[in-house]
1. Dipole size in debye (nearest 20) for the stretch 76-201 around its Cα centre, Lys and Arg Cβ +1, Asp and Glu Cβ -1?
2. Could you state the principal axis extents of the C-alpha atoms in the chain, from the largest down, to the nearest angstrom?
3. Which order do peptides 466-479, 174-187 fall in by mean Cβ count within 10 Å, highest first?
4. Can you run phi through the Karplus equation (6.51, -1.76, 1.60; θ = phi - 60°) for the stretch 528-534 and list ³J(HN,Hα) in whole Hz, with x for Gly and Pro?
5. What FRET efficiency, computed as 1/(1 + (r/R0)^6) with R0 = 22 Å and r the Cβ-Cβ distance, is obtained for Glu396 and Gln544, rounded to the nearest 0.05?
6. Here are some pairs, Lys189/Lys561; Lys9/Lys116; Lys290/Lys519; which of them have Cα atoms lying more than 21 Å apart in this structure?
7. Taking the simple approach of a point 7 Å from Cα along Cα-to-Cβ for both His370 and Asp242, what is their distance in nm?
8. Which percent of the Cα-Cα distances in the stretch 512-578 go past 17 Å?
Amino acid sequence: MPGFLGLIKSDICEILGGRDVETYSLFPLLEEKKCFKSAWIKRFVLNKFIGDKIFHEDESVFICTDGVILNAVELRDKYQASNNFDLLKRMYASCGPLFVGELRGDFSGVIYDKVKNEWDIFTNHIGSKPTFYFYDGENGFLMFGSNLRMMVDGMRYLGYGPKLCEIGAYCLLTFGFMLSDYTLIEGIKRLSPGSVLKYSGESIEIIQYYKLSNTQYIDDSKEKILAQLDERFKKAIRAEYDKDLEYGYRHVATLSGGMDSRTNICYGRKLGYKNILNITFSQSNYRDEKIAKKISSEWGCDFLFYSLDNGNYLKDIDKPVTINDGLILFSGSAHDLAMLSLMNWQTLGGLHTGMIGDGILGTFLKEPRHSSKINIQSLAAYSTKLYGRISHVVEEVFREFPNSELFKFYNRGVNGVFNGYRVYENFTEFFSPFLHVDFLYYALKIHPEYRFKEKIYLDWIKTYCPEAVKYPWARTGLRIDAFMYWQRAFANRAMRYARRKILGPSAKDSMNPFNYWYKTNRGLREAFETYFQENLNLLDGHSQLQKDTELLFEDGSSVEKTQALTLLAALKLHKLKI
């Protein structure tokens with residue numbers, strides 16, 4: 001997995017003895033490392049957007065970053081910097097580690113101040129590139145990095161015995177992803193979004209420079225809100241697409257039958273960006289394929305379609321788990337991996353998506369107001385069968401947030417959906433204009449009355465991107481300007497639900513009808529059963545967890561089975577057999 005790994009300890013070079021921590025990647029990466037008096041750091045990144053990925057030092061500072069800084073050109077002008085290393089050095093000298101708040105994009109990084117002998121490890125505002133850390137204050141040791149498996153190996157090199165975190169395991173079996181800063185390994189935590197971890201050799205300090213708020217509501221008219229969404233979205237689109245042009249890459253974007261992806265492409269075309277390649281994956285002849293194909297044809301975009309028929313891509317369990325460290329159910333992004341692996345990315349730019357636009361503009365709300373009460377049915381868990389095992393943890397994590405919408409954003413969004421981005425990182429960088437922090441900041445402060453059921457979202461699209469309205473929305477099968485839209489949408493959903501109850505799973509249930517595939521594809525069932533039986537013994541040292549995992553696999557839906565399989569694959573990946 002692309003990123004970096006750092007180890008800080010007074011006798012680190014003696015401990016490593018010249019050995020290297022193995023880089024685990026399915027694809028070629030650019031590798032470099034540096035040794036300091038009491039530290040060792042290695043980067044392993046894609047040779048793509050390489051000017052944005054710093055790995056350089058001078059007499060006073062060392063800087064390492066991964067990802068892209070979308071406003072780097074603008075900031076270089078502001079700070080009169082000649083390159084990105086010079087830029088970050090000047091910003092750090094001016095503002096200290098909190099300079100990170102002025103950057104925009106999907107990035108993470110490290111700064112070593114040689115004069116002060118201080119390390120600052122940082123994430124971007126929303127933590128879209130995960131960074132993990134392990135700290136032993138008694139022995140004065142800190143390890144940090146982008147790849148959990150390498151972190152586990154680093155622990156072993158230094159004499160620690162990595163152990164399974166059962167809370168993390170139950171997060172996976174319930175939510176399908178981690179909660180808060182938990183991982184699957186005891187002692188290894190995830191650095192919170194919008195944070196800097198400062199280490200000076202004595203202790204660590206977590207400084208949060210950014211946190212979203214959604215309760216100081218914007219006091220704007222509806223017309224002004226729509227205009228602001230338009231203006232901020234255009235700024236985000238320009239930042240993303242201009243980054244492609246800066247490196248001479250062709251634009252490539254995901255496109256489904258949903259509103260998020262088409263809005264991204266619609267704005268890209270409206271702002272004059274040409275030659276956009278659209279990629280789509282779904283069950284054949286499902287709405288996503290049909291709608292995306294029609295949009296691409298009529299908007300003059302090239303179109304690639306990858307069929308998910310039969311779900312055979314789900315037979316390879318280990319590969320997607322290797323990519324996401326086993327921190328999210330493997331079925332969530334295995335289809336992305338299957339398609340992107342077939343493409344030649346040499347001339348293609350960042351992958352433009354509409355990631356969680358609907359969540360930001362409404363679907364994380366279950367009523368037209370914010371709720372501070374826990375309701376398991378609305379917390380976006382993939383399974384509730386084992387919720388009782390983790391309810392106390394959910395309650396503790398929930399108290400960190402003022403309401404359920406922010407709980408969902410920082411847990412389902414950051415720890416769940418963003419983890420799927422890790423598949424993309426093996427091919428390119430990734431973007432979503434909905435997650436550009438200036439758009440996100442404004443959108444989440446729109447009163448929930450406007451955002452409930454995405455009403456303000458649909459009004460915005462109808463007003464500022466009307467060409468996107470002429471095609472049905474895959475979720476409802478209707479155009480969003482259809483007569484009695486909400487009533488007809490509800491009736492359609494009720495009919496589909498009744499059909500599933502009466503006739504069972506169908507190929508038309510969704511873009512990836514897991515239950516239908518599991519029912520009709522004998523090879524898929526056999527692959528799941530074989531993998532489960534061959535690896536269940538990895539939980540021999542955790543009797544209750546083993547029983548619960550077996551229960552989820554035997555009695556659960558096809559998705560719940562993938563949750564159980566992901567846990568076993570993660571134990572295998574991290575070599576955690578007791």
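Read the figures in this text as sums done on the coordinates, not as results from a lab. Computed from a predicted structure; not experimentally measured. Cβ: placed from backbone, ideal geometry, glycine included. Neighbour counts: every protein chain shown.
1. For the stretch 76-201, the charge dipole is close to 300 debye.
2. For the chain, the Cα extents along the three principal axes come out at 70, 59, 46 Å.
3. With the highest mean Cβ count within 10 Å placed first, the list reads 174-187, 466-479.
4. 5, 4, 5, 4, 5, 5, 6
5. E(calc), rounded to 0.05, equals 0.60.
6. In this structure, Lys189/Lys561; Lys290/Lys519 lie more than 21 Å apart at Cα.
7. 3.2
8. 39
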